[in-house]
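Below is one structure; the comments refer to it alone.
The values are calculated or read from the model by the stated rules, or taken from the named source; none is laboratory data. Model, not experiment: these values are computed from the prediction. Note: ideal-geometry Cβ built from the backbone for every residue, glycine included; neighbour counts use all protein chains shown.
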Amino acid sequence: MTDLSSMLAYAVLMAYDFSAITSIVDVGGGQGGFLKKILEFHPEMDGTVFDLPSTIETTQEYLNGATCGGRCSSLGGDFFKDIPAGADAYILCGVLHDWDDDHGVRILRNCRRAMAANGRVLLVS
């Protein structure tokens, strides 16, 4: 899945202007392939992969071998409860289609609560 995430990230990078973003959280980001690709293209940006604690155990190992120069971290948690606060952008790649509407709305509300005042949520499906 990491290779597919990396290819999808490249397509998003070509379609979206990330220049105003300095911090990004990849919500439900798995191993971090999507975030890694974004950070490779944007050296001014820091990022966090946020996923279940059991997933994050191997994510940081993958990110440590990545070329994002220590600008990427991982954090375990539950996006139905809390999402790391204060980022400029929250990206959900292939996340919402796994949930019914009520759960999807809860994830989006948690993103909104967590983001900076001028933040944004990017949905990739």
- Item | Extreme residue, modelled with the highest pLDDT, among residues of the range 25-43 that are of a type in the set (Gly, Ala, Ser) and assigned to a loop (DSSP other than H, G, I, E, B) | GLY28
- Query: Looking at the range 59-113, which of its residues are touching a Ser or Thr at 6+ places or on another chain (Cβ under 9 Å) and polar (S, T, N, Q)?
  - Reply: THR59, GLN60, SER73, SER74
- Item | In the range 76-99, residue nearest to ILE24 (Cα to Cα) [restricted to those that are acidic (Asp, Glu) and over 13 Å from the mean Cα position of the chain (by Cα)] | ASP82
- From the residues in the range 103-115 that are closer than 15 Å to ALA89 by Cβ and free of Cβ contacts under 8 Å to residues at least 60 places away in the same chain, which one is surrounded by the most Cβ atoms within 10 Å (Cβ to Cβ)? MET115
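In the set ILE21, ILE56, which member is at negative phi, aliphatic (A, V, I, L, M), part of a loop (DSSP other than H, G, I, E, B) and in contact with a strand residue (DSSP E or B) (Cβ under 7 Å, 6 or more places away or on another chain)?
ILE21
Considering only the range 82-89, I want to know if a residue exists there that is free of Cβ contacts under 8 Å to residues at least 40 places away in the same chain and under 19 Å from LEU8 (Cα atoms). Spell out how you get there, then give the answer.
Keep residues of the range 82-89 that are free of Cβ contacts under 8 Å to residues at least 40 places away in the same chain, which gives 82, 85.
If we keep only those that are under 19 Å from LEU8 (Cα atoms) too, we end up with none.
For the range 82-89, residues free of Cβ contacts under 8 Å to residues at least 40 places away in the same chain and under 19 Å from LEU8 (Cα atoms): absent.
Of all residues in the range 62-105 being in a strand (DSSP E or B) and among the hydrophobic types (A, V, I, L, M, F, W, C), which is modelled with the lowest pLDDT? Full working, then the answer.
Step one: filter the range 62-105 for residues in a strand (DSSP E or B), giving 72-76, 89-93.
Restricting the remaining residues to those that are among the hydrophobic types (A, V, I, L, M, F, W, C) gives 72, 75, 89, 91-93.
On the way: CYS72: 89, LEU75: 95, ALA89: 97, ILE91: 96, LEU92: 96, CYS93: 92.
Only one residue fits best here, namely CYS72.
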- Can you tell me which residue within the range 1-18, out of those that are at pLDDT 90 or above and not in a helix (DSSP H, G or I), is surrounded by the fewest Cβ atoms within 10 Å (Cβ to Cβ)? ASP17
